[in-house]
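Some notes on the structure that comes next.
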Amino acid sequence: MAERERALGLRERQPILVSPVGRVDPRLSECFRRSAFSAKAQGTQETYAPVYRLFFTFLWERGLNWDEATADDVEDWEDWRRRGADNPLRIEGGTWAKELAALKLLYEIAAARGFVPSNPVTLSTPGDVKSSDVKWLSPLAFRLWRNVGLGGMLPTGLEDEAWRGRCAGRDTALADLLYSSGLRRREGGTLLTFELPVLGQRNYYAGKVGQAVAKRAGYTFYVSHPALQRIHGYWASTRALVVARARARGTYEQLPDLRIVREVTRSRRVRWTGRDGRTGERALGLLTAVDRMRLFVDGEDGLEPAMLWLSETGLPLEYKSWTKVFERASDRCATLGLDVFATPKMLRHSMALRMLIALHNALDRRLGLTPAQRLHYEEVYGQVWLMVKDMLGHRSDQVTRDVYLEPVRGLQLESLLNDDDNPVNAEKIAELAARTGLILDMA
């Protein structure tokens, strides 16, 4: 099968859609193989493929193949997805906008290749797409969700004797990483052990996000000392335990396609040797999520995965699994009567908001401005948006302003700069939570 895929030019992780009668349309494979779709980030491709499958199923039930869709079909699909009375999972404008973009892209490619007479996707982006669909977490709400949902504590702060979770150290460490650094789920969930900053005495530590696992391009991320300390604690305890168990069971010896890392050069190239003795190398930043799961290091006690986050079996944890981890944590909070929940993206948004306030306060102290003088320096403070943009890995600061920092839009700058002693200013975030209704907080 692998040889046939290579002969056809199919790329690794390329989507393949199978019709209800078991057929693969080579025209669709061509659209996926070498096009604007294949140029998209791996995560975007994985998000778009289920959209196509769902829409094509809708067409099939109408007696139509994917290449027979008309503008009326797309409009009916939009109506059912967003307003269908018999649809138990209706979607909001923001989700539909993403699905619309996916459909437009595929049919543009198909029309350009002559597979369809024209692009049937003529709908415009819906007007009810609001950045306020995004939610944020205050520091207090995050700590409560993390400790109760992931850490097995009770809302009172006491330990829950009925808690049976065995991955609390891992899960709370990942949550702290995302909340501290603003990394995306794939970026934080595919970290290799040798990509972690060395723990020292700094407030924040810099690391690199690989180009192949970032949304668009690699960038520098910053993680706080407490978050990095918790990660190293997981590495030395829970992680070490599951690795020891996997070694004892011979789990790693049974893996046929693992790659043993021999060297990570100063130019950030990873060199490895396979089971068959063949060697290979690739730039660290170009390692995909799949590449990273194959990498192992051979230490004093034997083999262990190079991936930081491991399952209970001692094998690398697929980054998509974190969505379920977060959902279970939120469900546990709800069961215990807590109106607090979180997703990986919410932690990223929350980091942006906290960092904006922290950088504003830090710049204010450095310039030694009085409240009256602050109004004259709005252009200087505007640079803070660019700093947060870089920390999030955005290309445009407008995305940072419009989507991630909605709670502070329209507020006077001086209202954010009133606490010299607390750069993160939890009270200000609580105030914004009460005023905007966009930030989850715990009174």
**Fill in**
Here the residues of region 72-89 lying in the modelled label zone of R27, meaning backbone nitrogen under 19 Å from a point 7 Å along Cα-to-Cβ, are 72-74
**Difference of contour (0.36 nm per residue) and Cα-Cα distance, N203 to R34** = 56.4 nm
**Asked** Can you list, bin by bin at 10 Å, the percent of alpha carbon pairs in region 227-271, starting at 0?
**Response** 22, 28, 43, 6
**Debye, to nearest 20: dipole size of region 191-317, +1 on Lys, Arg Cβ, -1 on Asp, Glu Cβ** = 460
**Request:** Take the Cα gyration tensor of region 2-129, multiply each eigenvalue by 5, square-root it, and list the three semi-axes largest first, rounded to whole angstrom.
**Result:** 25, 16, 14
**Message:** Semi-axes of the equivalent ellipsoid for region 191-317, please: Cα gyration tensor eigenvalues, times 5, square-rooted, ordered largest first, whole Å.
**Reply:** 24, 20, 12
**Request:** Could I have the simple spin-label model distance between A101 and R269, label points 7 Å from Cα toward Cβ, reported in nm to one decimal?
**Result:** 3.5
**Message:** Report, in listed order, any pair from K104/K135; K40/K98; K320/K345; K135/K208 with a Cα-Cα distance greater than 23 Å.
**Reply:** K104/K135; K135/K208
**Request:** Taking the Cα centre of region 172-231 as origin, work out the dipole magnitude from +1 charges on Lys and Arg Cβ and -1 charges on Asp and Glu Cβ, in debye rounded to 20.
**Result:** 200
**Prompt:** Using every alpha carbon pair in region 57-184, what percent of pairs falls into each 10 Å bin from 0 up to the bin containing the largest distance?
**Reply:** 10, 26, 19, 19, 18, 6, 1
**Asked** How much length, in nm to one decimal, is gained on full extension between K345 and R328, taken as 0.36 nm per residue of separation minus their Cα-Cα distance?
**Response** 4.5 nm
**Asked** Ranked by Cβ crowding within 10 angstrom, fewest neighbours first, how are W272, W235 ordered?
**Response** W235, W272
**Asked** Which percent of Cα pairs goes in each bin when the distances of region 170-248 are cut into 5 angstrom slices starting at zero?
**Response** 3, 15, 26, 25, 16, 10, 4, 1, 0
**Asked** Among R82, R185, which comes first, then next, by fewest other beta-carbon atoms within 10 Å?
**Response** R82, R185
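Bear in mind these aren't lab numbers, they're just calculated from the coordinates by the rules spelled out. Computed from a predicted structure; not experimentally measured. Positions of Cβ are backbone-derived with ideal geometry, glycine not excepted, and every protein chain shown enters the neighbour counts.
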